[in-house]
Amino acid sequence: MSLRVLICDERTLVSDGLRTLLEGESDVEVIGGTGSGAEAVELVRDSQPDVLLTGLRLKDMSGSEFLQRLREGGAEPHPPVVVYALGELEDSMVDLVRAGANGLLAEDASREELLIAIRAVASGHAMLGPPVARRMLDWFRSSNDPVGVPYPAVANNLTGREREILLLTAQGMSADEIARKLFISVATVRTHLYRLRCKLQLKDRAQLVSFAYQTGLARSFDARP
């Protein structure tokens, strides 16, 4: 069955362009679009899309507020959300991850990245485009703000390999890329990711990335076991 995608962006040219990019895929169906966050919440409730694809520019609210509205008034279960940042500020991207975005792409994301993100979040995974992950990492490294989440004691029990894989994940690398870099199997990487989620009591890859940044772990880990 095709993945049913709803597009939300106030700019008609952008939403029409995204629709055109997706229409040629046999496993993707665009079921509608709107430039209003409030209307999008209603459409999500009524049409129950498999994936919501949204920009940050909406007619009536910010991207972060939109994600919060989805949680409060949308359908259950909430559809996974892919956000394309379109050159917005790095702190907006942090807010979006905290608000629950499942996928986050930069303005120069390719059609292939867009399709990978849609298919990944529909399968229960998370997707940060490599440029987004790099910008987020640079932002956290340069930020003078105090870390907002306490360093949990359980993080001290992570193995060297788990710390390494957490850092590489926070840098935006996929399981395949991590496996190639560390000369281990993809299955081994996924096992470590599963153990990380269990130890840290996190649900998915996006929460691992957010955790690494918010606690400051991404700053302190080096890439060696």
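All of the numbers you see were taken from the coordinates with simple rules; none came from a lab. All of these numbers come straight from a predicted model, not from anything done at the bench. Don't worry about glycine lacking a Cβ; one is built from the backbone with ideal geometry, like all the others, and counts go over all protein chains shown.
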Ordering of 11-21, 98-108 by burial proxy (mean other Cβ atoms within 10 Å per residue, highest first): 98-108, 11-21
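Tally Lys/Arg at +1 and Asp/Glu at -1 over every other residue whose Cβ is under 15 Å from the Cβ of Thr20; what's the total?
Here the charged neighbours net out to -2.
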How high is the FRET efficiency from Cys198 to Arg134, r the C-beta distance, R0 41 Å, rounded to 0.05? 0.90
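Want the number for Thr159 to Glu177: 0.36 nm per residue separation, take away the alpha-carbon distance, what's left?
4.5 nm
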Leading residue at positive end of dipole, the stretch 157-201 (Cβ point charges), from Ile184, Ser174, Asn157: Asn157
In whole angstrom, note down how far apart the Cα centers of the stretch 181-200 and the stretch 40-72 are. 32 Å
Once you have a ≥ b ≥ c as the square roots of the Cα gyration tensor eigenvalues for the stretch 1-64, tell me rounded if a/c is under 1.5, and otherwise prolate or oblate according to whether a/b is larger than b/c. oblate
Separation between the His78 and Ile184 pseudo-spin-labels, each 7 Å from Cα along Cα→Cβ, expressed in nm? 3.2 nm
For Ser36, what is the net charge nearby, where nearby means another residue's Cβ is under 15 Å from its Cβ and Lys, Arg count +1, Asp, Glu -1? -2
Under 11 Å from a label point 7 Å along Cα→Cβ of Ser47: give me every residue in the stretch 53-67 with its amide N that close. 53
